[in-house]
Every structure is written in C-alpha cells, then in structure tokens.
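The values are calculated or read from the model by the stated rules, or taken from the named source; none is laboratory data. Note that the structure is a prediction, hence the values are computed from the model and not measured. Cβ placement follows ideal geometry from the backbone for every residue including glycine, while neighbour counts extend to all protein chains displayed.
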Amino acid sequence: MSTDCTFVNTNIGDTIMTTKMHITSKDGFIDLLHDYLKVEIPESLSIPDSATDLQLLSKAEIDGIIAEGPKQSFFNSAVLDDDHHRIFSNIVIPFDFCEDHFPGYPMLPMAKLGQIMAQIGSILILATNDSNGNGKDHGKMVALASTVAFIKSFMPKINGHRKPFIVPNDNLLLVVEFSGDRVNTTSMLISVYVSGQLINAMDLTYRVMSFEIFQKIYNKQQS
C-alpha cells in the first residue's frame, strides 16, 4: 500500500466497524483502489489531486447496508469517497450469471448487469445517508431503482480487439457518482469498466424510503 495513506478506525452505525484512510495524493488514491479492489484502474478516471478521506467497506458491512439477502448480494468490498459523493467496487463475473445466455457462447445478460449496477448505486445512497439501521434516527432504509434515464454500451478496444460483451471471469470496476436529487428520489451515474476501458454507463433514479414504509407498501400489495 502507498505511503500516501494513513489508517484511522471509524464506525458505520453502532456495531459495524470500517477502516477509514486519509489519502494525501492522486497516486495514493489510485494505489488504494488497485490494492483493495484488485482491479485495473482506468487512466481516464477522474481522481482528485488533493487530500481526501476514504472508507474501506467489507462484505459484512455492505451486507449490513443493503436490503437484499446473501443470494442477491454481489459485492465483496467497496471504497467510499464520501468527500466527492462516489463509491468504487468490483465484481468478477461468475459463470452462473451467464449460463444459457447463450449456450456455447456465455455472456452477461444486460438485465443482470442492470441489477448489479443498480445495487452498487443503492449502496452509495444508503452508506452516505447513515441509514443502515444501526441506531440512526430514521432506522433502516431501502433504495429502490425506479427510472432509467439512459443506458449505453460501448465496444472498447482491448488488446487490439473490440470487446462488445461481458463474459465469465471479466473483472469489472464500477464507479458511482451522484447526478441529482429531488424529493424522495436520488439519481446516480453508474459507469462500468473492464481492463481499464469503459464498457457500460447508466443514469438511474432511486426512490428512497424507510424499511417500515417499504413493508407497508409491499404488504398492502399482497392483501
């Protein structure tokens, strides 16, 4: 790890511990992302050349933030840049995400990619709202993806060849930034990189509500 990083212990909620790191340079920021997420960092990524604080989230901490259960939890680690309202994470695509799509030519379905992108956006919302249910005023919160402003696929050139598909074992870097707020909704720009190249981008709006209200809406629907 870069010598431009300093460790500090901090809390998310009452019981979850995370590691907070004080970064003093752009190189230190990039080194931390690479070392913690084990993924290639694109040269085009906008990184502040100034001191900033980052939080390193483990899988246990992420699972404590999101509403989904273990079978729908996609991320093992994340780096939260609360100073700039961003989060970084990665996922290595398992074969079972691509199985039978298509037989003999497995690739990640766009619907599954959208689900993965939506979850990392919700993690940023819930982590920065201090709404993970550990003694906060509003209790546990839920961020539900509601509106897609756009989703765009790219065909980056990697090792001399165009790459139109995400396939098993691709190691994806996901970068999420706030793009706007309205009453009870928050919009996110979510970018996906593979081998340091942009392959997908989506602007997604979320409805944010307490878990209690979510339960009431769901139960009323089922009655």
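Here are a few things to note about the model shown:
- In region 203-218, the residues that are in a strand (DSSP E or B) reach residues that are among the charged types (D, E, K, R) with C-beta atoms within less than 9 angstrom, at least six apart or across chains, in these pairs: 205/182; 210/140.
- Residue list for region 196-223, restricted to those being closer than 30 Å to residue 152 by Cβ and modelled with pLDDT of 95 or more: 196, 197, 198, 199, 200, 201, 202, 203, 204, 205, 206
- Long-range neighbours under 7 Å by Cβ, at least six apart or interchain, first residue in contact (Cβ under 8 Å) with a residue 24 or more places away in the chain within region 48-60, second assigned to a helix (DSSP H, G or I) and basic (Lys, Arg): 48/26; 49/26
- Number of the exception - residue 113 against (1) assigned to a helix (DSSP H, G or I); (2) more than 27 Å from residue 151 (Cβ to Cβ); (3) at pLDDT 90 or above: (2)
- Tally of residues being part of a helix (DSSP H, G or I) and without any contact (Cβ under 8 Å) to a residue 24 or more places away in the chain across region 27-47: 2
- Condition met for residue 99 (among the acidic types (Asp, Glu), assigned to a loop (DSSP other than H, G, I, E, B) and modelled with pLDDT of 90 or more): yes
- Filter pass, residue 39 being aliphatic (A, V, I, L, M), at pLDDT 95 or above and under 30 Å from residue 211 (Cβ atoms): no
- Considered as a group, the residues in region 53-92 that are out of contact with any helix residue (DSSP H, G or I) (no Cβ under 9 Å at 6 or more places or on another chain) and part of a strand (DSSP E or B) include one that is modelled with the lowest pLDDT, and that residue is 58.
- Hits in region 156-193 - residues which are in a loop (DSSP other than H, G, I, E, B), of a type in the set (A, V, I, L, M) and at pLDDT 95 or above: 166, 167
- Among the residues of region 167-202, those identified as out of contact with any Lys or Arg (no Cβ under 9 Å at 6 or more places or on another chain) and over 20 Å from residue 97 (Cβ atoms) are 179, 180, 181, 182, 183, 187, 188, 189, 196, 198.
- Residue satisfying condition, being surrounded by fewer than 17 Cβ atoms within 10 Å (Cβ to Cβ) and touching a residue at least 24 places away in the same chain (Cβ under 8 Å), within set 186, 147: 147
- Taking the criterion of being farther than 24 Å from residue 200 by Cβ and small (Gly, Ala, Ser), the residues of region 33-57 that qualify are 50, 51.
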